[in-house]
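The values are calculated or read from the model by the stated rules, or taken from the named source; none is laboratory data. As the structure is a prediction and not an experimental result, all values here were calculated from the model. Cβ: placed from backbone, ideal geometry, glycine included. Neighbour counts: every protein chain shown.
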Ligand SMILES: [Zn+2]
Ligand SMILES: [Zn+2]
Ligand SMILES: [Zn+2]
């Protein structure tokens, strides 16, 4: 992510800032073209410091302090480019739901930052009511009943709110034997399934994808059953980015897609801080000048030329602080090939920059997610009624659990959870 600054006083600010702590200006993020705007209140809305006279209002999710993104004043939309994908949010009056949902939104907005910068198509349910990208943020029923399973089903990403509880998530990470488990990682993984639909299946790339990731026609339910019963093969690190990626080609794709986004975003952050890695070694593979925009890299290999020195350096820094590695993964040659495939389909599937300046840099993304849809958008967040009367089946029913986070591994010698849950 790039380093933002307050337009009024040039103070560096974080992506999540609502106010400049140096000069006091209200701040809002304008996703297209990706700028933090310093604002002044005026007649119930806000105008920018620069360019002058441009008028905005905040996404309605500013009220629960869950969003700082802006919408052009003239837009009919209530929610920003990220929040209009929310189909269901939890009952914010209940327990810790509000605090947990805010953490989810921080991660989700960072996900959208990268997806927008990569110019990926982002239809919401108003654009495509059957396959649009949508989110259900759901909490387990405290009175019991089936657990909410984090997963993806035909554009709909369901996230169990409990993942936003650091202690619970760490408990799950330990139980699953994972080296890394974050909210942002969940979002990047699940959206990988959505982009498999869009950039592979619907883009005529199935055969090419199968050559790299294996045959996705392998029985998914049976594959997960085997994975949870037997674990990953002992030598999985030779060919996979994570143990879970061995479960099925779909999971391998989603895991690798998540890593592609990890790499892009972290390299951009390194670049914006002007990081140079020049250790006292003649091994040139450990040197890097990270001074480019990774969103426009020509290949995954170009990214990895900087990524490997960077991760070696930051892992070493973390160890100096007594922390675990920032990037506890090994990128083996077969994983490089998979990242290269994902790099290729992302750039083939990205919305091209228009030649004319008129439609704007992201004109076609806007078309995919129009500011003024013809019909009232069904994607507006609505509170979930109390858990005992859920509006819909809160458990994804089409696909088996989609990520190791959904449930702990089954006890030995017992079959896993029913596959079609
Ligand atoms: Zn300022
Ligand atoms: Zn928003
Ligand atoms: Zn998955």
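Per the listing 62, 49, the residue uniquely surrounded by fewer than 19 Cβ atoms within 10 Å (Cβ to Cβ) and within 15 Å of ligand 2 (Cβ to nearest atom) is 62.
Each residue in the stretch 107-122 was checked for being part of a loop (DSSP other than H, G, I, E, B) and within 27 Å of residue 18 (Cα to Cα), and 4 pass. Within the stretch 83-95, is there a residue that is more than 16 Å from ligand 1 (Cβ to nearest atom), under 21 Å from residue 295 (Cβ atoms) and touching a residue at least 40 places away in the same chain (Cβ under 8 Å)? Checked the stretch 83-95: at least one residue is more than 16 Å from ligand 1 (Cβ to nearest atom), under 21 Å from residue 295 (Cβ atoms) and touching a residue at least 40 places away in the same chain (Cβ under 8 Å).
State all residues of the stretch 18-33 that are within 15 Å of ligand 2 (Cβ to nearest atom) and either part of a loop (DSSP other than H, G, I, E, B) or farther than 25 Å from residue 291 by Cα (or both); if no residue qualifies, say none.
The answer is 18, 27, 28, 31, 32.
For the stretch 65-77, give me each residue that is surrounded by 17 or more Cβ atoms within 10 Å (Cβ to Cβ) and either within 16 Å of ligand 3 (Cβ to nearest atom) or in contact (Cβ under 8 Å) with a residue 60 or more places away in the chain (or both). The answer is 71, 77. Which residue, of 332, 316, 299, is more than 25 Å from residue 278 (Cβ to Cβ) and modelled with pLDDT of 95 or more? Unique residue meeting the criteria: 332.
Do we find a residue being part of a loop (DSSP other than H, G, I, E, B), within 16 Å of ligand 2 (Cβ to nearest atom) and within 19 Å of the chain's Cα centre (by Cα) anywhere in the stretch 92-106? Scanning the stretch 92-106, I find no residue that is part of a loop (DSSP other than H, G, I, E, B), within 16 Å of ligand 2 (Cβ to nearest atom) and within 19 Å of the chain's Cα centre (by Cα), so the answer is no.
Among the residues examined, residue 311 qualifies as without any contact (Cβ under 8 Å) to a residue 60 or more places away in the chain, farther than 19 Å from residue 342 by Cα and surrounded by 14 or more Cβ atoms within 10 Å (Cβ to Cβ). The condition of being more than 16 Å from ligand 1 (Cβ to nearest atom), part of a helix (DSSP H, G or I), under 30 Å from residue 105 (Cα atoms) and without any contact (Cβ under 8 Å) to a residue 60 or more places away in the chain holds for only one of 202, 197, that being 202. Selection over the stretch 133-145 of residues that are surrounded by 24 or more Cβ atoms within 10 Å (Cβ to Cβ) and out of contact with any helix residue (DSSP H, G or I) (no Cβ under 8 Å at 6 or more places or on another chain) gives a count of 0.
To keep it simple, each residue is scored yes or no on (1) under 17 Å from the mean Cα position of the chain (by Cα); (2) under 24 Å from residue 159 (Cα atoms); (3) in contact (Cβ under 8 Å) with a residue 40 or more places away in the chain; (4) not in a helix (DSSP H, G or I).
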site: 191; (1), (2), (3), (4): yes, yes, yes, no
site: 209; (1), (2), (3), (4): no, no, yes, no
site: 218; (1), (2), (3), (4): no, no, no, yes
site: 227; (1), (2), (3), (4): no, yes, no, no
site: 252; (1), (2), (3), (4): yes, yes, yes, no
site: 266; (1), (2), (3), (4): yes, yes, yes, no
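Set side by side, the residues 224, 206 differ, and just one is over 25 Å from residue 327 (Cβ atoms) and more than 16 Å from ligand 3 (Cβ to nearest atom), which is 206.
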